[in-house]
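Everything on this sheet refers to the single structure shown next.
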Amino acid sequence: MSGFERPDVFGDVHLGYVVIETQKFAEWRRFGADAIGLHVDDVDNSSMRFRLDDHESRFLLQNGPAEDVVATGWEVDSHETFDEILRRAAERGLPAVEGSAEDAQLRGVERLWRLPGPKGIGQELFTRAVTTESPLSMLSSGFVTGEAGMGHVAITSREPETLHAYYGTLFDARLSDWIDEAISGVKLKIRFLRLNERHHSVAVANVRTVKIDPIRTRVQHLNIQAATLEDMVGSYERVKATGFDMALSVGQHTNDRELSYYAMTPSGFEWEVGWNPIVVTPELEATWEPTTYQGISIWGHTPVGQTVVDKLAQFKNAVRNGRAPEITVPELSGAAR
């Protein structure tokens, strides 16, 4: 290897867990267990965990006022890749801090390090998840995790290029495609970034022509993938039956062909449960070319229960968010290599 060649870490990084700060534990318990159908474990008086599989923790809920996602945890396949990512951060002056043993235990992981992330979402790296043989108590038969990670995170941004550069520089993210969408007269551009065989682990949306962010929360939605169509439809019916608000009805996306719906979480961001998205296999990867799609859905995904009050709230959020600069990571805001 010459001095100019760098190892490519694409395929070695997977979404492993999400940390949510909330004070609405009772509502989140109902949402996670009774509506979505996840396994719930109480850790202590100030934290609760959701499981999807044999990992001890996939969602860590901790007591705090944010009502938002505060960190995403990325599983790294090897210590060599882990060191390469930390080297990239150090080379660009991005501070990395080792997590405490207590924090690692809460997250059910080994070798935990933290990096500052876009929009104030902490980026946490770990090399191995702690697994458990404790049986799952879920209303769903299962969820798709494995080599594709556990799902994806979608973020709205006034500075989408900086997010693209961030994930491109650290994780060698590849652009899957774009979607152009018009919602209530607002034109959106959404870019979809893949880190492995999952069509996208990060989606970044921005309002075209003007720098506004209509979303109060740091994330717009989280996604998990149901194992079967029956699981996805069953959770949709439970969300309605338990009285949680639905954001978008069942529909199919244009780009990754995933069937899904979007529910409103107790903290105010959306939660997508999907089924059967495209997997970017090595054969597809070899010839993949980014495409621009018009509209997010082939069919369905109809807005549910939106009112004039909801639209006014979004406008107020956009105005408020526009008064302060968006949190970016200057060290990684340039073009991705």
Residue 233 vs (1) surrounded by fewer than 17 Cβ atoms within 10 Å (Cβ to Cβ); (2) of a type outside the set (S, T, N, Q); (3) more than 29 Å from residue 26 (Cα to Cα): all pass except (3)
Of all the strands (runs of 3 or more DSSP E) wholly in region 17-89, which have at least 1 residues that are acidic (Asp, Glu)? 39-44, 68-76
Of all residues in region 110-121 being touching a helix residue (DSSP H, G or I) at 6+ places or on another chain (Cβ under 9 Å) and in contact (Cβ under 8 Å) with a residue 40 or more places away in the chain, the one that is surrounded by the fewest Cβ atoms within 10 Å (Cβ to Cβ): 114
Which members of region 268-306 meet the condition of being touching a Gly at 6+ places or on another chain (Cβ under 6 Å), of a type in the set (Gly, Ala, Ser) and surrounded by 15 or more Cβ atoms within 10 Å (Cβ to Cβ)? 297
What do you reckon, is residue 124 charged (D, E, K, R), more than 21 Å from the chain's Cα centre (by Cα) and buried (at least 18 other Cβ atoms within 10 Å of the Cβ)? no
Condition test on residue 190, is it crowded, with 19+ Cβ neighbours inside 10 Å, under 23 Å from residue 168 (Cβ atoms), among the β-branched types (Val, Ile, Thr) and touching an Asp or Glu at 6+ places or on another chain (Cβ under 9 Å)? yes
Of all strands (runs of 3 or more DSSP E) fully inside region 145-259, the set with 2 or more residues that are of a type in the set (S, T, N, Q) and not assigned by TED's automatic domain parsing to the domain that holds residue 95 is 221-225, 246-253
Tell me yes or no: at least one residue of region 74-86 is without any contact (Cβ under 8 Å) to a residue 40 or more places away in the chain and more than 18 Å from the chain's Cα centre (by Cα). yes
Would you check which residues across region 31-49 are farther than 11 Å from residue 60 by Cα and either touching a helix residue (DSSP H, G or I) at 6+ places or on another chain (Cβ under 6 Å) or surrounded by fewer than 16 Cβ atoms within 10 Å (Cβ to Cβ) (or both) and list them? 35, 36, 37, 38, 44, 45
Any chance residue 70 is aliphatic (A, V, I, L, M) and in contact with a Phe, Trp or Tyr (Cβ under 6 Å, 6 or more places away or on another chain): no
Pick from region 129-161, criterion of a type in the set (S, T, N, Q) and surrounded by fewer than 20 Cβ atoms within 10 Å (Cβ to Cβ), ranking: farthest from the chain's Cα centre (by Cα): 134
Being in contact with a helix residue (DSSP H, G or I) (Cβ under 7 Å, 6 or more places away or on another chain) and farther than 19 Å from residue 194 by Cα narrows it down to one residue among 100, 140; which is it? 140
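The values are calculated or read from the model by the stated rules, or taken from the named source; none is laboratory data. What you see is a predicted model; the values in this text were computed from it and never measured. All Cβ positions, even for glycine, are placed from backbone atoms using ideal geometry, and neighbour counts span all protein chains on display.
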